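Undergrad: Next up is a structure, given as structure tokens.
The values are calculated or read from the model by the stated rules, or taken from the named source; none is laboratory data. Given the structure is predicted, the values throughout are model-derived calculations rather than measurements. For neighbour counting, all protein chains shown are included, and Cβ atoms are generated from backbone atoms with ideal geometry for every residue, glycine included.
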């Protein structure tokens, strides 16, 4: 008898969780569509930057996800994994998903920044402090993902990855300050400037805010889906071993029967 | 902890004294790198002298990767890693010992490379002590991070390619700070020109040495 592939059914996602992911996905699409509509058609062009200003509705939101949200989530989950009291594969998968999605947002940050930088600064890339930190963060993230691709037992891989995330996390502030002293050209923070009073007004401010919400929702949706894929990958990894074991056992059973006959 | 540090560092340095891998392979590699940088820049001595600080530190970083690879591979044969783990040595001492051995080799390499930069590139150093201090501080940080990543990648088959990818971006602040301090020292600046960078190096060293002392034990268990 050939054993079926599904030795165990894949770990089920509760209907409520599936519903929540669906709702977040739909909201993310709607918020993004609304941002695009407001950003491209409703808001006026800027006095000095013209239509270029429309990138501001996307770029800061994407950068906030890439540089703060994804990175902080990965750092905190890795720390919670290393802490023996809270150790669980949940934190490992969350960190991995957050880094992987974070890399996508990081690349989007660099691309949208370049598109803005070419007409404004006259160059695609400038060795400015924020650009350089972003690039270093991307390389650190890619190193983390490369380490995760190394075949290993899930718990060994989880520990290794968590350590690398921890080392990278403590490096980021140092990198940030070193490149800040090294070079600074990027325009100052517009929304989160020290006295917390936004320097833009009206429909532009609302669209910018909506852009942050939309991009964050997209991130959360991608994170949840990636987490689910991680669960299924782990299931496949262990499931395949079970299937192989059963096949070998089945072969043994067949030869026993033949011998008896 | 300190006794274990001395024991482990002594062991690694004795292995180096007998095998002379760092002396006969890593140091000549550093010189080769300096010569290649000169070819890449062209024969303009002014340009070379200007680029000397950065090129020196890039060469040091490359040599660090090699020194760390060597430090890991010393333990990889004959189950030496398990031997160390079972020896009852304090993991913190083990970390400090391995780091100290790498640091000692790096200091010698840096002396060779600094001599090479001054001779080959015609770099003029106005404030030598600033360079000595920055090299010592940079070396501590490089050795500590290198030892941490070395231990982390010890059991990995693709270690040779993975280690530089993980280690070099982490060490970027050392390169930036070291280069700036060299430039200050070459321009004849006072200590105040380099002092924020010296402080940055001190913070980098303190963070990674402290982290290494705390997490080296768990890393060894997981590798």
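Undergrad: When the range A:141-167 is examined, which residues are found to be crowded, with 18+ Cβ neighbours inside 10 Å and facing chain B (nearest Cβ under 7 Å)?
TA: A:143, A:147, A:159, A:160, A:163, A:164, A:167
Undergrad: Working carefully through the options A:40, A:94, find the one that is in a helix (DSSP H, G or I) and crowded, with 20+ Cβ neighbours inside 10 Å. Walk me through it before giving the result.
TA: Details: A:40 fails: crowded, with 20+ Cβ neighbours inside 10 Å.
Exactly one of A:40, A:94 is in a helix (DSSP H, G or I) and crowded, with 20+ Cβ neighbours inside 10 Å, namely A:94.
Undergrad: Hey, another quick one. Looking for whichever is without any contact (Cβ under 8 Å) to a residue 60 or more places away in the chain and not in a loop (DSSP other than H, G, I, E, B) here; the options are A:113, A:61. Which one fits?
TA: Working: A:61 fails: without any contact (Cβ under 8 Å) to a residue 60 or more places away in the chain.
So the residue among A:113, A:61 that is without any contact (Cβ under 8 Å) to a residue 60 or more places away in the chain and not in a loop (DSSP other than H, G, I, E, B) is A:113.
Undergrad: Another question about this same structure. Among the residues that make up the range A:123-140, is at least one of them over 22 Å from residue B:203 (Cα atoms), touching a residue at least 40 places away in the same chain (Cβ under 8 Å), assigned to a helix (DSSP H, G or I) and out of contact with any strand residue (DSSP E or B) (no Cβ under 8 Å at 6 or more places or on another chain)?
TA: Yes.
Undergrad: Starting from residues that are within 8 Å of chain A (Cβ to nearest Cβ) and at pLDDT 90 or above, keep the ones in the range B:156-175 and report whichever is surrounded by the most Cβ atoms within 10 Å (Cβ to Cβ).
TA: B:170
Undergrad: What number goes with the only condition from (1) facing chain A (nearest Cβ under 10 Å); (2) not in a loop (DSSP other than H, G, I, E, B) that residue B:213 does not pass?
TA: Checking residue B:213 against (1) facing chain A (nearest Cβ under 10 Å); (2) not in a loop (DSSP other than H, G, I, E, B), the one that fails is (1).
Undergrad: Considering only the range B:187-198, state which residues are more than 10 Å from chain A (Cβ to nearest Cβ) and either over 13 Å from residue A:181 (Cβ atoms) or modelled with pLDDT of 75 or more (or both).
TA: To start, the set of residues in the range B:187-198 that are more than 10 Å from chain A (Cβ to nearest Cβ) comprises B:187-195, B:198.
Residues satisfying the conditions are B:187, B:188, B:189, B:190, B:191, B:192, B:195, B:198.
Undergrad: Can you go through B:73, B:87 and tell me which one is at pLDDT below 90 and within 22 Å of the chain's Cα centre (by Cα)?
TA: Working: B:87 fails: within 22 Å of the chain's Cα centre (by Cα).
One residue alone meets the criteria, B:73.
Undergrad: Looking at the range B:128-137, can you tell me whether even one residue there is at pLDDT below 90, more than 9 Å from every other protein chain (Cβ to nearest Cβ), touching a helix residue (DSSP H, G or I) at 6+ places or on another chain (Cβ under 6 Å) and surrounded by fewer than 18 Cβ atoms within 10 Å (Cβ to Cβ)?
TA: Within the range B:128-137, none of the residues are at pLDDT below 90, more than 9 Å from every other protein chain (Cβ to nearest Cβ), touching a helix residue (DSSP H, G or I) at 6+ places or on another chain (Cβ under 6 Å) and surrounded by fewer than 18 Cβ atoms within 10 Å (Cβ to Cβ).
Undergrad: Looking at the range B:144-155, which of its residues are in contact with a helix residue (DSSP H, G or I) (Cβ under 7 Å, 6 or more places away or on another chain) and either at pLDDT below 90 or within 8 Å of chain A (Cβ to nearest Cβ) (or both)?
TA: Our first condition is that a residue be in contact with a helix residue (DSSP H, G or I) (Cβ under 7 Å, 6 or more places away or on another chain); within the range B:144-155, this holds for B:144-154.
Listed by number, the residues that qualify are B:145, B:148, B:149, B:152, B:153, B:154.
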